[in-house]
Amino acid sequence: MPFQMALDKLLFEKHQSELNAEPTLRIYYSSEPWCTVGYAAEKNPSYALNESKHDLNSLPVCRRPTGGGTVIHGEDLIFSLLAHKQDDVKRFESLEVSYKHLHEAVKHAFQKLGQQTDFYEGEKLSPGRDCFLNPVETDLRLAGKKIAGGAQKRSGDFFLHEESIQPSKDIRLEDLERELILSLQTYFEIKIIRMVIDPKTLFEAEKLASKFIIKDSH
């Protein structure tokens, strides 16, 4: 996960500096249980850990380049999206609007897998540091449990969106990945093509990864 977070950060910086950079979607998985916390934890790591309701004693922890609270990975599908507001002005005009539209695509993917999700809307929600225990209105739930939530980093009209999708046990992550790609293509009326990340960028991410670690596992 530190490598993935470092890679997202480097790709964000690279896309910022490129004119007419194409939107980039990455889908990845955590090789083992990890906890990630928002970038603000870099200034006060103990707050992010001590305020969590999760048992983090045995989990390694790293920070994300995006905001948000505590997320436990290991059984989830993770995706990151790098895009400009101009890529879809109507759907990417703000953080809140882009959240809603991205989750509409995720919702459609679950429908294709036979599960009906809905948004947390029109109800009182409790604030907290744990993303999946303290949902917000633009998050998705299934049977009363949050299953998808994201965080963003924005710089002008450019943004990085990082998302964790935690489906029920009866959905295979491979099937979810397939339907997610199809749903994103349909919802945003785009065609997703496979790309190869520059080896130099991968090497730089490997060198940078250790700086994202807040706590190693015991």
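Entry remark, segment 176-209: residues being within 21 Å of H101 (Cα to Cα) and not aliphatic (A, V, I, L, M) number 10 in total.
When you look at E32, is it more than 23 Å from D88 (Cβ to Cβ) and part of a loop (DSSP other than H, G, I, E, B), yes or no? Yes: the conditions hold for E32. Starting from residues that are among the charged types (D, E, K, R) and part of a helix (DSSP H, G or I), keep the ones in segment 81-96 and report whichever is farthest from the chain's Cα centre (by Cα). The selected residue is K90.
Scanning segment 174-214 for residues that are of a type in the set (A, V, I, L, M, F, W, C), surrounded by fewer than 17 Cβ atoms within 10 Å (Cβ to Cβ), in contact (Cβ under 8 Å) with a residue 24 or more places away in the chain and in a helix (DSSP H, G or I) gives I181, L182, L202, L208. Only a single criterion out of (1) of a type outside the set (D, E); (2) farther than 15 Å from Q111 by Cα; (3) under 18 Å from the mean Cα position of the chain (by Cα) is not satisfied by F203, namely (3). Residues in segment 139-156 that are closer than 30 Å to S17 by Cα and modelled with pLDDT under 90: G156 alone. Which residues, counting only those in segment 135-144, are within 21 Å of K169 (Cα to Cα) and either outside any strand (DSSP E or B) or touching a Gly at 6+ places or on another chain (Cβ under 8 Å) (or both)? Passing the criteria: P135, D139, L140, A143, G144. Considering each residue of segment 69-77 in turn, at least one proves to be at pLDDT 95 or above, of a type outside the set (A, V, I, L, M, F, W, C) and in contact with a Cys (Cβ under 9 Å, 6 or more places away or on another chain). Restricting segment 84-130 to residues that are closer than 24 Å to V37 by Cβ and among the aromatic types (F, W, Y) leaves a set whose member that is surrounded by the fewest Cβ atoms within 10 Å (Cβ to Cβ) is Y120. Suppose the filter is closer than 30 Å to V89 by Cα and either touching a Lys or Arg at 6+ places or on another chain (Cβ under 6 Å) or of a type in the set (A, V, I, L, M, F, W, C) (or both); does D198 pass it? No, not satisfied. Among the numbered conditions (1) in a loop (DSSP other than H, G, I, E, B); (2) surrounded by 13 or more Cβ atoms within 10 Å (Cβ to Cβ), the only one that L160 does not meet is (1).
The values are calculated or read from the model by the stated rules, or taken from the named source; none is laboratory data. In this text, all values refer to a predicted model and were calculated from it rather than measured experimentally. A quick note on method: Cβ atoms are made from the backbone with ideal geometry, for glycine too, and the neighbour counts reach across all protein chains shown.
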